[in-house]
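Report on one structure; see the data block that follows.
The values are calculated or read from the model by the stated rules, or taken from the named source; none is laboratory data. All of these numbers come straight from a predicted model, not from anything done at the bench. Positions of Cβ are generated from backbone atoms using ideal geometry, with glycine treated the same way; all protein chains shown enter the neighbour counts. The area values use the complete protein model at the heavy-atom level, side chains included, leaving out ligands, DNA and RNA. Shrake-Rupley method; radii C 1.70, N 1.55, O 1.52, S 1.80 Å.
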Amino acid sequence: MNSARWIMTLMTLLGTLPALAAAQSPSASETSNVVSFTHEHTFISSANPGWADWTETRVGLMHTLDRGAIGGETARVKRFGLADVALTADTYIETWSGAYANIRGRITPQADVLPRWDAYAELFQSLGAGWEASASAWHMNVPAANVSVFGAGVGRYAGAWYLRALGRLSRSAGSNVGSTSILVRRYLGDSRELVEVATGTGREVVVLGAGPVVALRRTTSAHIRAQQFVTPVLGASAALSFNTFEGAPDRLGLSVGLLARF
């Protein structure tokens, strides 16, 4: 897989503008700019007014370069009756032959329900024959207990299919917990057209209140996501997710989005 295709692959995988490559050479459409608009509504199964439904609206732009990509996103997140506006910067770059990296940073000026800032970095390395390995680090700055998450994964490309297994170690307030997840993706055209399913379980960081208040709890999750361009320029996306949390209400998430490339 060449470097341009790897970088587009990473953009899909993370799904932030968080997309992974198809089993074909990059086309002109894969080196275009992409504008995205996404709205997500999370239904929370609780009669407690403090657990009203959550909403999140994101607008992003990604510009592809010869050896990577750069982009930004603004998001409005409403939880616990409060709303934050966050700004994110993303960069994707070929680091050396057979490897590429993603570095992402986000700041939240008000920071009532999101971390004041968080920083994420992940490195992918080709192992040959369609296999790749990855390692990541993510730090979130929250008032009471900073959180660090470290991950390691292995992925496999097989034609238009991509499979990935990921393990994470989350650390907060001197405690360490682990979680695992599995993703299966099928590409429908280029790297931005896909259907995927994923599931995960373990103990990880959970937001329990404004502040934000976070804790390490046992969780299970599942999601399905689809993204498709219906014209050479315009596309749509949709996702459905379900999450259970130890000591917190279950959550059902539904998101819809629009994309335009030029």
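Observations
- The lone criterion from (1) within 23 Å of residue 166 (Cβ to Cβ); (2) modelled with pLDDT under 95; (3) of a type in the set (Lys, Arg) left unmet by residue 261 is number (1).
- Within the range 108-132, the set of residues being more than 27 Å from residue 51 (Cβ to Cβ), touching a Ser or Thr at 6+ places or on another chain (Cβ under 9 Å) and not small (Gly, Ala, Ser) comprises 120, 122, 123, 124, 125, 132.
- Checking each residue in the range 212-242 for being surrounded by fewer than 18 Cβ atoms within 10 Å (Cβ to Cβ) and not in a strand (DSSP E or B) picks out 230, 231, 232, 233.
- For residue 206, the stated conditions hold: it is surrounded by 14 or more Cβ atoms within 10 Å (Cβ to Cβ), within 26 Å of residue 54 (Cβ to Cβ), out of contact with any helix residue (DSSP H, G or I) (no Cβ under 6 Å at 6 or more places or on another chain) and at pLDDT below 95.
- Test: residue in the range 191-198 that is closer than 17 Å to residue 147 by Cβ and out of contact with any strand residue (DSSP E or B) (no Cβ under 7 Å at 6 or more places or on another chain): no
- Selection count where residues are under 22 Å from residue 194 (Cα atoms) and open to solvent by less than 30 Å² (accessible area, probe 1.4 Å), scope the range 131-156: 4
- Qualifying positions in the range 57-87 - open to solvent by less than 40 Å² (accessible area, probe 1.4 Å) and touching a His at 6+ places or on another chain (Cβ under 9 Å): 69, 71
- When residues of the range 115-130 are limited to those that are of a type outside the set (Gly, Ala, Ser) and open to solvent by 50 Å² or more (accessible area, probe 1.4 Å), the one farthest from residue 84 (Cα to Cα): 127
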